[in-house]
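The values are calculated or read from the model by the stated rules, or taken from the named source; none is laboratory data. Being a predicted model, the structure only gives us computed values, none of them experimental. Here Cβ is always computed from backbone atoms with ideal geometry, including for glycine, and neighbour counts include all displayed protein chains. Keep in mind that these areas ignore ligands, DNA and RNA; they rest on the heavy atoms of the full protein, side chains included. Shrake-Rupley method; radii C 1.70, N 1.55, O 1.52, S 1.80 Å.
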Amino acid sequence: MNDQIRVGIGYDSHRLVRGRRLVLGGVDVPHGTGLQGHSDADVLTHALMDALLGAAGLGDIGRHFPDTDPRHKGAHSVDLLREVLALLESEGWEPVNADVTLLAERPRIADHVDDMVHNLEMAGMPAGSVNIKATRGEGMGFVGRQEGMACMAVALIRRLE
Ligand code: MG
């Protein structure tokens with residue numbers, strides 16, 4: 001395939017429970033509940049990884065990091081992102097940009113966005129390539145009832161020179 005740019009989409013959701021940390025974009029966000037999952041349940045980073053893998057035609061994170069694998073229990077998702085970006089590079093791809101929308105009723109994440117972007121860049125996303133925004137559920141659905149959070153992401157990648 002000689003396509004020079006490709007796009008991918010990612011979506012993820014996790015249940016909110018008591019007694020778990022809330023990790024978003026590698027940031028520990030102070031909150032009364034956290035996301036449930038095998039890894040740190042970083043829904044934002046999961047959606048981003050799926051968008052990148054999808055763009056490269058490399059499946060999804062469930063294929064590369066199965067939650068049946070004890071190595072991934074409690075894994076830091078930003079470390080998995082670093083592995084995803086290494087995989088893309090080995091396949092001859094680099095990210096151009098990613099746009100991420102977190103669906104969360106609470107808490108407000110605006111104060112944490114810069115730290116999230118920093119973490120994703122430290123994991124290998126190019127500087128200035130990641131945009132993170134959030135929207136509320138307005139009381140509707142599982143997001144609005146604060147039963148969980150979801151995240152959508154799109155990523156554009158290009159052929160390495
Ligand atoms: Mg997930």
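What number comes out for the charge environment of H64, summing +1 per Lys or Arg and -1 per Asp or Glu over other residues with Cβ under 12 Å away?
-3
Restricting to DSSP loop positions (anything but H, G, I, E, B) with no more than 10 other Cβ atoms inside 10 Å of their own Cβ, which trypsin sites (Lys or Arg not before Pro) remain in the range 1-67?
Answer in residue order: R18.
Of all the accessible heavy-atom surface of the range 5-159, with the other protein chains kept in place and a 1.4 Å probe, what percent is carbon and sulfur?
For the range 5-159, the apolar C and S fraction of the accessible surface comes to 50 percent.
Looking at the chain only, what percent of DSSP beta bridges run antiparallel? Nearest 5 please.
80 percent
How big is the accessible area of H112 in square angstrom, nearest 10, if you roll a 1.4 angstrom probe over the protein chains?
40 Å²
Using helices alone, what [θ] at 222 nm do you get for the chain, with -39,500 (n - 2.57) per DSSP H run of 4 or more residues, divided over all residues and rounded to the nearest 500?
Theoretical 222 nm ellipticity from helices: -8000 deg cm²/dmol.
To the nearest 10 square angstrom, what accessible area does V27 show with a 1.4 Å probe?
20 Å²
Go through 139-145, 65-71 and give me the packing order, highest mean Cβ count within 10 Å leading.
Ranking the peptides 139-145, 65-71 by packing returns 139-145, 65-71.
Over the chain, what portion of Cα pair distances is larger than 20 Å, expressed as a whole percent?
46 percent
On a 1.4 Å probe surface of the protein chains, which of D40, D114 comes out largest in accessible area, and what is the full order?
So the residues, ranked largest to smallest area, are D114, D40.
Whose amide H sits under 5 Å from the amide H of V96, counting only residues 5 or more places off or on another chain, with H placed in the peptide plane?
L156, I157, R158
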